Amino acid sequence: MIIEKIVFLNKNKKYSIFFSNGTGVEVVEDTLVKFNLYKGMEIEDDEISNIRKQNQKFEAANSVFRYIQNKKTVREVKDYLSKKGYDEDIVELTSNYLIEKGYIDDKKYASAFVHDKLKINKYGRNKIKNHLLMHGIDKDLAEIAVLDLDEDIEFENLKLHAQKKFNTLKKDHNTKSKLINHLIYKGYQYDMIKEILKEFDFKYDR
């Protein structure tokens with residue numbers, strides 16, 4: 001089968017390829033380049049299926065680029081493509097392509113996420129880890145990411161949260177337990193919380 005004509009479709013920035021057997025296919029420029037398609041080129045019938053599949057991969061990748069500019073995990077990208085209606089094999093093919101190109105990287109995502117949640121949101125490591133898992137980060141990778149967390153900054157954040165919450169609480173027999181529950185909710189470990197509690201005067205516990 002011979003490529004008889006290639007026409008650029010300016011409206012959707014694709015190319016129409018017409019074959020000698022009367023069939024045709026629309027492809028994006030990445031597909032044209034990958035297979036080095038040109039007028040007069042001979043193509044085996046079974047190669048058309050591969051061209052179509054690879055073209056779907058490039059189309060899926062193009063559709064997701066704006067989405068991943070806001071930093072997404074591999075699982076989030078897969079979910080996005082699935083909701084767009086792409087078949088499972090195209091979802092996997094596209095995800096692997098984006099990983100190979102470095103457009104999505106769960107390790108870098110996790111590292112940046114830990115940094116932001118620690119310094120901007122001032123979460124404790126437990127809450128940061130749980131949020132990583134919610135975004136689809138592998139459990140082992142999430143644990144490694146929070147291991148690199150700056151403990152000095154985390155402790156200063158804990159002090160800030162503790163003092164702020166303590167100032168708003170009614171001082172009674174429940175003050176201490178309410179403060180502990182609040183700090184646990186913020187993601188701090190109990191051993192660290194116990195250290196910070198020494199700085200407060202819980203007079204009703206005497």
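The values are calculated or read from the model by the stated rules, or taken from the named source; none is laboratory data. What you see is a predicted model; the values in this text were computed from it and never measured. Cβ atoms come from the backbone with ideal geometry, glycine included; neighbour counts cover every protein chain shown. For accessibility, only protein heavy atoms count, side chains too; no ligands or nucleic acids. Shrake-Rupley method; radii C 1.70, N 1.55, O 1.52, S 1.80 Å.
A compact table of results
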| item | result |
| --- | --- |
| Any pair with Cβ under 8 angstrom, 6 or more apart, that starts in the stretch 92-105 at a residue that is open to solvent by less than 70 Å² (accessible area, probe 1.4 Å) and ends at one that is assigned to a loop (DSSP other than H, G, I, E, B) and of a type in the set (Ser, Thr, Tyr) | THR94/TYR86; ILE104/THR73 |
| Scope the stretch 14-33; condition touching a helix residue (DSSP H, G or I) at 6+ places or on another chain (Cβ under 7 Å) and not aliphatic (A, V, I, L, M); matching residues | TYR15, ASP30, THR31 |
| Residue check, TYR86 of a type in the set (Ser, Thr, Tyr), in contact (Cβ under 8 Å) with a residue 24 or more places away in the chain and crowded, with 20+ Cβ neighbours inside 10 Å | yes |
| Residue, surrounded by the most Cβ atoms within 10 Å (Cβ to Cβ), within the stretch 106-141, restricted to residues that are assigned to a helix (DSSP H, G or I) and of a type in the set (Asp, Glu) | ASP106 |
| LYS39 vs. criteria open to solvent by 50 Å² or more (accessible area, probe 1.4 Å) and either closer than 18 Å to THR94 by Cβ or touching a Phe, Trp or Tyr at 6+ places or on another chain (Cβ under 9 Å) (or both) | no |
| Per-region count, the stretch 25-43, residues at pLDDT below 85, more than 33 Å from the chain's Cα centre (by Cα) and within 26 Å of ALA61 (Cα to Cα) | 2 |
| Single residue of LYS171, LYS176, LYS186 found to be touching a residue at least 12 places away in the same chain (Cβ under 8 Å) and within 15 Å of ARG125 (Cα to Cα) | LYS186 |
| Members of the stretch 65-77 that are in contact (Cβ under 8 Å) with a residue 24 or more places away in the chain and either open to solvent by less than 70 Å² (accessible area, probe 1.4 Å) or among the hydroxyl-bearing types (Ser, Thr, Tyr) (or both) | PHE65, ILE68, LYS72, THR73, VAL74, GLU76, VAL77 |
| Residue ranges of strands (runs of 3 or more DSSP E) in the stretch 2-41 with at least 1 members touching a strand residue (DSSP E or B) at 6+ places or on another chain (Cβ under 6 Å) and of a type in the set (Lys, Arg) | 3-9, 14-19 |
